[in-house]
């Protein structure tokens, strides 16, 4: 194993691999450390939806810019990422939700997004299998350029491109400690030896909290188990991702014909609980059939779990932290790491390479939590 | 395609049913699976592969592969090899992905069941486990995915070996009948067929499994809680990699047995058998009994793996057994039209120039089995890859209990062996589970008897591999996490 590198990235998910690629492309000597295999955490377990409809400006901006990158990523990385833009349909169940939606649509439109509030007839037209009465919808918002990409293909495309540019991706390498001298990083300690470096990017999902604790930085991240299931393949029925913040459900049909989706468990506690539950299977099946009764003969073939790395405001923690120079955060995505990754990693790369900072990095830094009136992202699902 | 004369078997063909396939009227007999009925009517292609549109036919016959997915009564993705054909049924080949029906939704109420012992799998191990546990006084629920219990035992027309006590000299089908009668007569055993266990979930103090029961009107969910659970869900047929291995006419040996010996349907007219282990030899002889021509048996190993008795029977009937030979390719447009076999060297590499083309319509693969351990894996028992077991198996103690308290494994699921030892293992697991619940009429004696019998079976030359397998399992169990130090 190389003993010295410019930048160490901890975590082999979508963000870690994208960072490795972008930094290596700028001729930075970079090494990525992953304790299992690439995609073994949240990235490989998520629904991999790509949504630009948000309630906070930072998330909306990051997502809109990310979609622009996703749209040309096949070409850039010379690989297929399985991007499909079938839109996101967000159900609105009452007047209060409608008001919030109108406000959000105005914000999103001001950022240049093509999005609109639609009525029941149009919902039915876009997703014919929905039962408007069953799902208790009065309207919806719809953005046609939202969509989905294959998380494995995308991460692999980044990883391969990173390797082509000289990045070293070390799997089955567990970080056991980080050593610093005064306020600068000295080295990263792993089960396979020490690596000298001055810059560490912490992209370890919920485990980012434990990584940061190694140098006494406290991150307000809590792991939250999320469950998801997939059905057998059936003929194409609909294109968009359908979601409801009230019911906590999201589901879409994959290119292969499988229905993939999840639902939040209101009683879920924070912690590393990894078992799939029967409660979820029942709750998801019942709610899904309320939304789309005609799916009643479709068999579920698999269910699994993963973690959201939840922050108090459900927004990511990005950039350098006070007190330790060269220790950067790229975590706390609260369930949205995949869809925001292209732009987030671009901003972080610019910061590392050129020292260029931005309003978004400033607004989403760890420091924001000292302010009691932080703006909370309302649009969290699953 | 139907077998009209058989030296041993009689088929129940009392009641005829009529169904349609792609709009065409067809006849079948009550109790037949849809796929078997279609085969009897000459329908060999059941589906087409999604990506390359290749025809797919009957392969495993026991609901483990996906080549028989069809749309039945407008519901897609039905495993037609384990669903019985019914009067007025409409069966259609799917246009690639199935189309969901537009029927109104009628929810079926979930059934909650609590039982002392649940046995998953109604083959030889499972039936014996249920009987042994009930014999000691425990109440048992026996679940099987198929339309009828019996597993692979109901397909064995040959006489078993071993001691008289272990039913030596009796045909598998007759042992199965005896066990099935025993199940019927035990009031403390409830049998649920057409029921598939789909999940194991954590629950304090109890095992909790979720199953789906396939009813004519639609499926029903079962939530089952039990104190002890015995997993005896058998094994899956191995596939061999060669060009054309997915053509209709290439069958697993179990699939051929199911077609011939359960439903009385001939798989074809001329067969090339791949594999000269006991399964390959026995099924070849069964094919002869069904008046199907067996061209030859090919075996990649330099010697015959199965019992000489079975090999000699075949040879007397003029079937050559070619060792150091294997199949290289299956060819045919929509169905097997022939096979190319070749000699192999000491490293199992084909020897150029030794290829031979054999006209045939059936290729039967008897190349081993892999234990089915999905439920055990869901329950997070410790498992280990053991080549002699046929794959990854759950570690278990001499009483067949896994590393999870009260969760037992028996039969092929505990490591590939054969039906006689599966029955003994089932009995041992069943009686041990009952004893742990406090039921012990003569349980300790039965345990000892079973352990002795297993030892005897595994002391001969053909028990060598299972013996190594079990030794490795216990040494893995003895060492700490990740114990591969055998």
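A few comments on the model shown:
- Calculated FRET value between residue A:186 and residue A:305, using beta carbons and R₀ = 41 Å, to 0.05: 0.65
- Overall form of region A:154-238 per C-alpha gyration tensor (a/c, 1.5; a/b vs b/c): oblate
- Taking chain B and dividing mean pair separation by its residue count, relative contact order in percent (alpha carbons under 8 Å, at least six apart): 15
- Put a dot 7 Å past the Cα of residue B:16, heading toward its Cβ, do the same for residue B:112, and the two dots end up 4.9 nm apart.
- Volume in Å³ per residue [convex hull over Cα atoms, computed for region B:300-401]: 175
- Rounded to 5, the percent of DSSP beta bridges in the protein assembly as shown classed as antiparallel: 65
- Rh by Kirkwood over Cα pairs, then Stokes-Einstein D for chain A at 1.567 mPa s and 4 °C, µm²/s: 61
- Region B:1-158 - convex hull of the alpha-carbon atoms, volume per residue in Å³: 167
- Legend: ranking of residues B:396, B:74 from fewest to most surrounding C-beta atoms inside 10 Å; resulting order B:74, B:396.
- Between region B:135-162 and region A:172-238, the Cα center-to-center distance that results, in Å: 50
- Shape call, region B:344-418: gyration tensor on alpha carbons, a/c limit 1.5: prolate
- Using a Förster distance of 25 Å, the FRET efficiency for residue B:451-residue B:385 (Cβ separation, nearest 0.05): 0.45
- For region B:415-469 versus region A:101-164, the gap between their alpha-carbon centres in whole angstrom: 58
- Across region B:16-102, the relative contact order, built from alpha-carbon pairs under 8 Å that are at least six residues apart, equals 34 percent.
- Cβ neighbours within 10 Å from other chains - mean over B:70-81: 2
- On Cα atoms only, tilt of A:95-110 relative to the major axis of chain A in degrees: 50
- Kirkwood radius for region A:1-104, taken over all pairs of different Cα atoms as the inverse mean of 1/r, rounds to 16.6 Å.
- Annotation: average projected area of region A:240-341 is 8.7 square nanometres, based on the convex hull of Cα atoms across all directions.
- Percent antiparallel among DSSP beta bridges (both partners in chain A, rounded to 5): 70
- Kirkwood Rh and Cα Rg combined as Rg/Rh, chain B: 0.96
- Computed label-point distance, nm, for sites residue B:308 and residue A:71 using a 7 Å Cα→Cβ extension: 7.7
- Distance between the pseudo-spin-label points of residue A:282 and residue A:133 (7 Å out from Cα toward the beta carbon): 2.6 nm.
- In Å, descending, principal axis extents of the Cα set of region B:85-136: 51, 27, 25
- Multiplying the residue separation of residue B:48 and residue B:188 by 0.36 nm and subtracting their alpha-carbon distance yields 45.9 nm.
- Ranked by the mean number of other Cβ atoms within 10 Å of their residues, highest first, the peptides A:160-167, B:223-230 fall in the order B:223-230, A:160-167.
- Value of Rg to Rh for the protein assembly as shown (Rh from inverse mean 1/r over Cα pairs, i.e. Kirkwood): 1.01
- P(r), alpha carbons of region B:16-102 - 10 Å bins starting at zero, rounded %: 19, 56, 23, 1
- What the pair-distance distribution of region B:137-216 shows, using all Cα-Cα distances binned every 10 Å from zero, is 16, 34, 33, 15, 2 percent.
- A convex hull fitted to the Cα coordinates of region B:410-480 yields 94 cubic angstrom per residue.
- 0 to 90° range, to nearest 10: angle between helix A:337-354 axis and chain A longest Cα axis: 30
- Normalised contact order of chain A, rounded percent, pairs of Cα under 8 Å and 6 or more residues apart: 23
- Kirkwood-based Rg to Rh ratio, region A:285-336, C-alpha trace: 1.31
- Using the Cβ-Cβ distance between residue A:26 and residue B:464 with R0 = 56 Å, the FRET efficiency computed as 1/(1 + (r/R0)^6) comes to roughly 0.35.
- Overall form of region B:250-369 per C-alpha gyration tensor (a/c, 1.5; a/b vs b/c): oblate
- Most simply put, region B:250-369 has about 40% antiparallel DSSP beta bridges, counting only bridges with both residues inside it.
- Footprinting exposure proxy ranking of A:27, A:156, fewest other C-beta atoms within 10 angstrom first, gives A:27, A:156.
Since every read-out is calculated from the coordinates, none of them should be taken as a lab result. As the structure is a prediction and not an experimental result, all values here were calculated from the model. No Cβ is skipped: glycine too gets one built from the backbone with ideal geometry, and neighbour counts run over all protein chains shown.
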